[in-house]
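Q: One structure is given below, represented as structure tokens, and several questions about it will come after.
The values are calculated or read from the model by the stated rules, or taken from the named source; none is laboratory data. Computed from a predicted structure; not experimentally measured. Note that we place each Cβ from the backbone using ideal geometry, even for glycine, and neighbour counts take in every protein chain shown.
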């Protein structure tokens with residue numbers, strides 16, 4: 001499928017390399033009549049019918065984190081903002097999937113970190129930005145600071161013919177969504193046909209990726225049971241600081257890279273951050289683009305995970321990054 | 001009247017038998033695990049396969065969790081509010097245990113090991 005992004009321009013402006021990309025296909029919408037009915041439903045509900053969309057997902061910026069393994073603080077986040085601002089056309093929505101800030105025992109210091117996060121994210125030209133909290137944002141104060149800055153920790157909205165659901169699986173301290181939110185989700189989804197494209201964005205994985213590394217949500221199964229009747233479900237999440245793709249039933253789960261440091265592959269024995277590489281300071285860090293057209297038959301979403309680099313490395317290092325793994329100049 | 005007496009007698013017999021049964025079962029061994037930011041104490045415990053054991057989690061500062069999915073353990077304790085669960089492990093192995101109640105920046109390092117042999 002054709003991405004809405006001009007990928008060559010994307011790379012040209014930023015000396016970025018495509019890390020690992022995955023083209024993912026949702027189940028086709030069944031029949032023109034049903035598709036038209038869905039278009040009418042979305043139009044009636046929010047005045048916006050299905051159409052082309054391009055989204056960027058950013059995750060785990062950890063503003064306020066200092067020290068090893070990443071000595072650069074907010075530099076990768078700031079670079080990502082510059083890169084996104086250089087996109088033409090601009091994406092129409094930015095999703096932040098938690099751990100926007102790194103927590104502090106001092107609430108005033110944590111509030112300052114939220115302020116810094118906002119000062120950087122507000123440089124984005126894209127004005128439609130949605131957030132969910134990570135445990136570092138909301139687990140110590142139950143989400144008070146997050147709400148002061150961004151409003152509720154769970155909510156939903158429609159965008160270009162897809163229904164987006166923000167789920168909070170951190171602010172109760174434990175990795176849970178909770179019965180109340182699950183009941184809300186059930187009610188929220190009830191008005192949509194089973195073929196409606198649904199995008200859930202949250203912080204922690206909603207399946208047991210690696211519980212002993214805390215890569216799970218205790219009641220993730222209950223959440224996925226509510227989503228199970230729907231044909232087109234995409235879950236975008238962060239938390240694990242690395243790219244990961246998983247399919248279960250009709251749902252596809254995609255973890256995005258972080259913008260602070262990376263964790264190793266879950267098949268490794270120890271959960272130890274990958275070491276900082278001064279030659280490639282943003283290695284394994286990056287952003288995700290999601291693009292597609294909800295009016296297309298079949299509905300297809302292109303997902304690209306993109307590793308960022310810095311302009312100063314756009315010479316040999318930049319080229320090296322753009323080569324496929326195992327290739328050399 | 002006669003029927004009432006029979007029912008009453010059966011209830012009494014049931015209670016006595018139930019109490020005898022309970023009394024004959026030995027009390028489970030209790031293993032206490034203390035939690036504070038960001039460590040468990042002890043960091044390793046050993047259980048016997050097939051042995052009933054009560055795991056008691058005690059927190060000395062704030063809310064902590066103890067999660068070991070394969071053993072069915074998911075405890076939460078706060079300062080002054082311990083929690084416990086009695087289990088009978090049936091599989092030998094070494095199981096990592098984590099605190100799953102976020103307790104601060106060192107939370108990710110708060111872990112211990114439970115060995116079943």
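Q: Test residue B:90 against the criterion of being exposed (fewer than 15 other Cβ atoms within 10 Å of the Cβ), in contact with a strand residue (DSSP E or B) (Cβ under 7 Å, 6 or more places away or on another chain) and touching a residue at least 24 places away in the same chain (Cβ under 8 Å), and give yes or no.
A: Values: exposed (fewer than 15 other Cβ atoms within 10 Å of the Cβ): yes; in contact with a strand residue (DSSP E or B) (Cβ under 7 Å, 6 or more places away or on another chain): no; touching a residue at least 24 places away in the same chain (Cβ under 8 Å): yes.
It is false that residue B:90 is exposed (fewer than 15 other Cβ atoms within 10 Å of the Cβ), in contact with a strand residue (DSSP E or B) (Cβ under 7 Å, 6 or more places away or on another chain) and touching a residue at least 24 places away in the same chain (Cβ under 8 Å).
Q: Follow-up. Determine whether residue A:300 is closer than 29 Å to residue A:50 by Cβ and modelled with pLDDT of 90 or more.
A: Details: closer than 29 Å to residue A:50 by Cβ: yes; modelled with pLDDT of 90 or more: no.
So residue A:300 fails the test.
Q: Determine whether residue A:102 is surrounded by 16 or more Cβ atoms within 10 Å (Cβ to Cβ) and within 12 Å of another protein chain (Cβ to nearest Cβ). Talk me through it step by step, then tell me what you get.
A: Numbers: surrounded by 16 or more Cβ atoms within 10 Å (Cβ to Cβ): yes; within 12 Å of another protein chain (Cβ to nearest Cβ): yes.
Yes.
Q: Name the residue, out of A:166, A:162, A:108, A:138, that is more than 14 Å from chain B (Cβ to nearest Cβ) and over 27 Å from residue A:50 (Cα atoms). Show your work before the answer.
A: On the way: A:166 fails: over 27 Å from residue A:50 (Cα atoms); A:162 fails: over 27 Å from residue A:50 (Cα atoms); A:138 fails: more than 14 Å from chain B (Cβ to nearest Cβ).
Step by step, each of A:166, A:162, A:108, A:138 is checked, and only A:108 is more than 14 Å from chain B (Cβ to nearest Cβ) and over 27 Å from residue A:50 (Cα atoms).
Q: Next up: For region B:68-110, what are the residues that are more than 8 Å from chain A (Cβ to nearest Cβ), more than 20 Å from residue A:177 (Cα to Cα) and part of a strand (DSSP E or B)?
A: Result: B:78, B:79, B:81, B:83, B:84, B:85, B:86, B:87, B:93, B:94, B:95, B:97.
Q: Can you find a residue that is touching a residue at least 60 places away in the same chain (Cβ under 8 Å), farther than 23 Å from residue A:65 by Cα, touching a helix residue (DSSP H, G or I) at 6+ places or on another chain (Cβ under 8 Å) and surrounded by 24 or more Cβ atoms within 10 Å (Cβ to Cβ) anywhere in region A:140-162?
A: yes
Q: Now for a different question. Within region A:81-99, restricting attention to residues that are free of Cβ contacts under 8 Å to residues at least 40 places away in the same chain and under 18 Å from residue A:202 (Cα atoms), which residue is nearest to the other protein chains (Cβ to nearest Cβ)?
A: Restricting to residues being free of Cβ contacts under 8 Å to residues at least 40 places away in the same chain and under 18 Å from residue A:202 (Cα atoms), the top hit is A:96.
Q: If the requirement is being under 15 Å from the mean Cα position of the chain (by Cα), more than 14 Å from chain A (Cβ to nearest Cβ), over 24 Å from residue A:135 (Cβ atoms) and part of a strand (DSSP E or B), which of these qualifies: B:58, B:45? Give the derivation first.
A: Numbers: B:58 fails: over 24 Å from residue A:135 (Cβ atoms).
Selected residue: B:45, the only one of B:58, B:45 that is under 15 Å from the mean Cα position of the chain (by Cα), more than 14 Å from chain A (Cβ to nearest Cβ), over 24 Å from residue A:135 (Cβ atoms) and part of a strand (DSSP E or B).
Q: Going by the structure shown, is residue B:39 over 30 Å from residue A:273 (Cβ atoms) and surrounded by fewer than 19 Cβ atoms within 10 Å (Cβ to Cβ)? Before the answer, list the steps.
A: On the way: over 30 Å from residue A:273 (Cβ atoms): no; surrounded by fewer than 19 Cβ atoms within 10 Å (Cβ to Cβ): yes.
No.
Q: Now for a different question. Being in a loop (DSSP other than H, G, I, E, B) and touching a helix residue (DSSP H, G or I) at 6+ places or on another chain (Cβ under 6 Å): is that true of residue A:124 here?
A: Numbers: in a loop (DSSP other than H, G, I, E, B): yes; touching a helix residue (DSSP H, G or I) at 6+ places or on another chain (Cβ under 6 Å): yes.
The answer is yes for residue A:124.
Q: Could we say that residue A:205 is touching a strand residue (DSSP E or B) at 6+ places or on another chain (Cβ under 6 Å), in a loop (DSSP other than H, G, I, E, B) and surrounded by 17 or more Cβ atoms within 10 Å (Cβ to Cβ) here?
A: Working: touching a strand residue (DSSP E or B) at 6+ places or on another chain (Cβ under 6 Å): yes; in a loop (DSSP other than H, G, I, E, B): yes; surrounded by 17 or more Cβ atoms within 10 Å (Cβ to Cβ): yes.
Yes: the conditions hold for residue A:205.
Q: Give me the residue from region A:163-175 that is part of a loop (DSSP other than H, G, I, E, B) and within 19 Å of the chain's Cα centre (by Cα) and, out of that set, surrounded by the most Cβ atoms within 10 Å (Cβ to Cβ). Can you show your working first?
A: The first filter runs over region A:163-175 and keeps only residues part of a loop (DSSP other than H, G, I, E, B), leaving A:167-175.
Checking the rest, the ones that are also within 19 Å of the chain's Cα centre (by Cα) come to A:167-171, A:175.
Numbers: A:167: 26, A:168: 24, A:169: 31, A:170: 29, A:171: 27, A:175: 26.
Among those residues, the one meeting the criterion is A:169.
Q: Just to check your reading of the model, which residue among A:74, A:116 is touching a helix residue (DSSP H, G or I) at 6+ places or on another chain (Cβ under 8 Å) and within 20 Å of residue A:281 (Cβ to Cβ)? First the steps, then the outcome.
A: Working: A:116 fails: touching a helix residue (DSSP H, G or I) at 6+ places or on another chain (Cβ under 8 Å).
Of the residues listed, the single one that is touching a helix residue (DSSP H, G or I) at 6+ places or on another chain (Cβ under 8 Å) and within 20 Å of residue A:281 (Cβ to Cβ) is A:74.
Q: Can you tell me which of (1) at negative phi; (2) at pLDDT 95 or above is the one residue A:66 doesn't meet?
A: The number of the failed condition is (2).
Q: Can you pull out the residues in region A:261-281 that are touching a residue at least 12 places away in the same chain (Cβ under 8 Å), over 18 Å from the mean Cα position of the chain (by Cα) and more than 19 Å from residue B:106 (Cβ to Cβ)?
A: Filtering region A:261-281 for residues touching a residue at least 12 places away in the same chain (Cβ under 8 Å) gives A:261-266, A:271, A:273-276, A:279-281.
Now restrict to residues that are over 18 Å from the mean Cα position of the chain (by Cα): A:264-266, A:271, A:273-276, A:279-281.
Answer for region A:261-281, where residues must be touching a residue at least 12 places away in the same chain (Cβ under 8 Å), over 18 Å from the mean Cα position of the chain (by Cα) and more than 19 Å from residue B:106 (Cβ to Cβ): A:264, A:265, A:266, A:274, A:275, A:276, A:279, A:280, A:281.
Q: Let me ask something additional. Across region A:63-80, which residue is nearest to the chain's Cα centre (by Cα) among those that are surrounded by fewer than 22 Cβ atoms within 10 Å (Cβ to Cβ) and outside any loop (DSSP other than H, G, I, E, B)?
A: Only one residue tops the list, namely A:78.
Q: In region A:212-235, how many are outside any loop (DSSP other than H, G, I, E, B) and either under 14 Å from residue B:69 (Cα atoms) or within 14 Å of another protein chain (Cβ to nearest Cβ) (or both)?
A: Let us first name the residues in region A:212-235 that are outside any loop (DSSP other than H, G, I, E, B), namely A:212-213, A:215, A:220-227, A:232-235.
Filter again for either under 14 Å from residue B:69 (Cα atoms) or within 14 Å of another protein chain (Cβ to nearest Cβ) (or both), leaving A:212-213, A:215, A:220-221.
The number of residues fulfilling the criteria is 5.
Q: Also, I was wondering about something else. Counting only residues that are touching a helix residue (DSSP H, G or I) at 6+ places or on another chain (Cβ under 7 Å) and outside any loop (DSSP other than H, G, I, E, B), which one in region A:81-98 is nearest to residue A:238 (Cα to Cα)?
A: Ranking the candidates gives A:81 first.
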